[in-house]
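The values are calculated or read from the model by the stated rules, or taken from the named source; none is laboratory data. Source: prediction; values computed, not measured. Note that each Cβ is placed from the backbone with ideal geometry, even for glycine, and that neighbours are counted across all protein chains shown. Quick note on the areas: whole protein, heavy atoms, side chains included, nothing else; ligands and nucleic acids left out. Shrake-Rupley method; radii C 1.70, N 1.55, O 1.52, S 1.80 Å.
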Amino acid sequence: MLLHLLHWLQNQGVQIPHVFFYTTSKMMLAALSSFALTLVVGKVFIAKLVSLKIGHRVRVADCKALAGSYTKGENIPSMGGVLFIFSIVISNMLWMSAESPFFLLFSFTLLSMGAIGFADDFLKVRGHKNGLSARVKFSLQFLSVFFIALYLHNTNINHLVNSAMQFSETGMRAGGIQGSFPVFMKYIYIPFCKSPWIFSSTILMFIFTMFVMVGTSNAVNLTDGLDGLATGCMLLVAAVFAIIAFVSGHVMVADYLNILYVEGAGEIAIFLSSMIGGLLGFLWFNSYPAQVFMGDTGSLALGGAVALASVLLRREFLLALTGGIFVIETLSVILQVLSFRFLGRRIFSCAPIHHHFEIKGWHESKIVIRFWMIGIILALAGLISLKIQ
């Protein structure tokens, strides 16, 4: 941990610039570190994947109209998520505080969900067309998220984030309470609404937390179907939540915006900044025409990590707004399946919906850029919601 080394040197009398200890500085340094590391390691990593013949296996059985356009992807290596996961973890080790529970929570989420995706990708490149079965895959995801939710819902809030709830209209502050259900986890903020929803059911909130994390993880996985699509959309969501985490960690700013104050939320902002840097570096190789795909390794890890950030900040519904592209992609698959099962016909030419536009004749780059544009509008709407409430 670089920060511990800097503190130690400072205690030994070495003059260390204070800029290294500011949250804003650590956010920028985390982003730059993961970006540089991804770029430096990227070429060697991709070359290694190519030499191992870890090529992408394209499934077109359910949408044969795309078979011709996807031959170019057969020799492009998958499992690229390992690249930015590695960069993000190293960057966090440098700039996040090891004492913060956020460090362990995000590390566990990123690595556990990434490991599930890696197992799925590995089986695919080894000849198992479907990878992990849906039942096994979901079971492992729910098991991973279960431990995270169990920790969140059974850890006293003072130990978890040393935080307080603050509402500017009353000046009320509520710390932790005795028992196994921290008051922090009862609150859920709705975009453009002044007051949060308050839930008293421990089981309901526990299930909701698991649903958000597993659902987001798979939504990102469904979106990862075109060069740079999921990467760019996740960049926007991570940027929004990095800003929200930063302002949530300052009492006066949180009070002015009338949002939840979470002491230590700067660590969440640092993590998300390292994610932004890693994704920017990965986009260098993943943009059209892609040299590498993130695979389930990357998509499951990214979805789980950003969902955890939304849970910790109590902004799960804001995630649905800013990550609207992921929601639309998921809904298109659900509607397609339901329509075919009960009506015997398909709503879209192919699902997820980005493939529908491909069949309609849109170029891959045009689809990606237009989806990014929608993502930017949704990201701005998410930020505006902090003030309009």
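When only C-alpha pairs under 8 Å and at least 6 residues apart count, what is the relative contact order of segment 212-345, in percent? Relative contact order of segment 212-345: 39 percent. Solvent exposure of Val40, expressed as accessible area, is near 110 Å², computed with a probe of 1.4 Å over the protein chains only. Per the 1.4 Å probe, what fraction of the accessible area of segment 287-389, in percent, lies on carbon and sulfur atoms? Exposed carbon and sulfur together represent 70 percent of the surface. Count Lys and Arg as plus one, Asp and Glu as minus one, and take only other residues whose Cβ is under 12 Å from that of Met294; the net charge is then -4.
The shape of segment 237-389 comes out prolate: with a ≥ b ≥ c from the C-alpha gyration tensor, a/c is at least 1.5 and a/b beats b/c. When the Cα centres of segment 323-389 and segment 202-242 are compared, how far apart do they sit, in Å? Taking the Cα centre of each part, segment 323-389 and segment 202-242 sit 14 Å apart. Near Gly81: Cβ cut-off under 10 Å, other residues only, Lys/Arg at +1 and Asp/Glu at -1. The net charge is -3. Computed over segment 298-372, relative contact order equals 18 percent, with contacts defined as Cα pairs under 8 Å that lie 6+ residues apart. Heavy atoms of the protein chains alone define the surface here; on that basis segment 276-389 has 42 Å² accessible area per residue at 1.4 Å probe size. Rolling a 1.4 Å probe over the protein heavy atoms leaves Thr202 with an accessible area of roughly 60 Å².
Placing Glu99, Glu316 in order of accessible area, with the largest value first and a 1.4 Å probe, yields Glu99, Glu316. For segment 79-88, backbone phi angles converted through the Karplus equation (6.51, -1.76, 1.60; θ = phi - 60°) give residue-by-residue couplings of 6, x, x, 4, 4, 7, 4, 4, 5, 5 Hz, Gly and Pro being listed as x.
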